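To start, the structure itself, in structure tokens.
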Amino acid sequence: SFEGETLQCDIYSMTSTNTTSWSINMDSPVMEGGASYDSKGIAGASIVEYEGTLYMFYIGFSEWVQYNGYVSAANMSLNLATSTDGGQNWIRDPNNPLPVTNPQAIGAQLVNERIHLWVKKENDTVNYYFFNPNIEEHE
């Protein structure tokens, strides 16, 4: 029977001594699942560093669904979290989810003072966005 609604995923740090052996720190997640938009997990992420802050753009999902015996993530959203301690702890952006619909994959790259984002959508198109960390919101 499918009990996907009880599944929740956290993000944990991993360390490696070589390319084939990884150790997951299960005692202390760096970001716990639980926000309404990523309560079931993260399907993909891309991280860039700018002026001592790590910016993680990630695809969160809030639902598990079953299709012909397979379990899949559903109700996906594009989100942002930042870390100022090298990725040991992450803080979700208060404006999550970001206004991008149906994200399936994310890529990010820093170019000068802008973060360039490539977002693959569920219809296989790729959209291109800019994110400038230095622009403050004005009311």
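The values are calculated or read from the model by the stated rules, or taken from the named source; none is laboratory data. Bear in mind that the values here come from a model prediction, so they are computed numbers and not experimental data. With ideal geometry, Cβ positions are generated from the backbone for all residues, glycine too; neighbour counts draw on all protein chains shown. What goes into the accessible areas is simple: the full protein's heavy atoms, side chains included, and nothing from ligands, DNA or RNA. Shrake-Rupley method; radii C 1.70, N 1.55, O 1.52, S 1.80 Å.
Just reorder Ser36, Ser83 by solvent-accessible area, largest first, 1.4 Å probe, all chains present. Walk me through the intermediate numbers first.
On the way: Ser36 95, Ser83 0 Å².
Per-residue accessible area, sorted high to low, gives Ser36, Ser83.
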> Arg92 accessible area, nearest 10 Å², 1.4 Å probe?
Replying inline: 60
> Hey, what do the phi angles of the stretch 85-92 turn into as Karplus ³J(HN,Hα) couplings, whole Hz, using 6.51/-1.76/1.60 and θ = phi - 60°, x for Gly and Pro?
Replying inline: 10, x, x, 6, 9, 10, 10, 5
> Can you tell which of Trp118, Trp64, Met76 lies farthest toward the positive end of the dipole of the stretch 34-139, using +1 and -1 charges on the Cβ of basic and acidic side chains (Lys, Arg; Asp, Glu)?
Replying inline: Trp64
> Which value in Å is the Kirkwood Rh of the chain over different Cα pairs?
Replying inline: 16.3
> With θ set to phi - 60° and the Karplus curve 6.51 cos²θ - 1.76 cosθ + 1.60, what are the ³J(HN,Hα) couplings of the stretch 114-119 in order, to the nearest whole Hz, using x for Gly and Pro?
Replying inline: 10, 9, 8, 10, 10, 10
> Once the whole set of protein chains is in place, how much accessible area is left on Glu122, using a 1.4 Å probe, in Å² to the nearest 10?
Replying inline: 120
> Hey, if we sort Phe57, Phe131 by accessible area with the 1.4 Å probe, largest down, what's the order?
Replying inline: Phe131, Phe57
>> Could you work out the relative contact order of the chain? I mean the mean sequence separation of Cα pairs under 8 Å and 6+ apart, divided by the number of residues, in percent.
In response: 17
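Placing +1 at every Lys and Arg Cβ and -1 at every Asp and Glu Cβ, with all other atoms neutral, what dipole size does the chain have around its Cα centre, in debye to the nearest 20? Mind dumping the intermediate values first?
Values: 5 positive and 17 negative charges, 88 e Å.
In total the dipole reaches around 420 debye.
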> Where the accessible area of the chain is counted over protein heavy atoms with a 1.4 Å probe, how much of it, in %, is carbon and sulfur?
Replying inline: 47
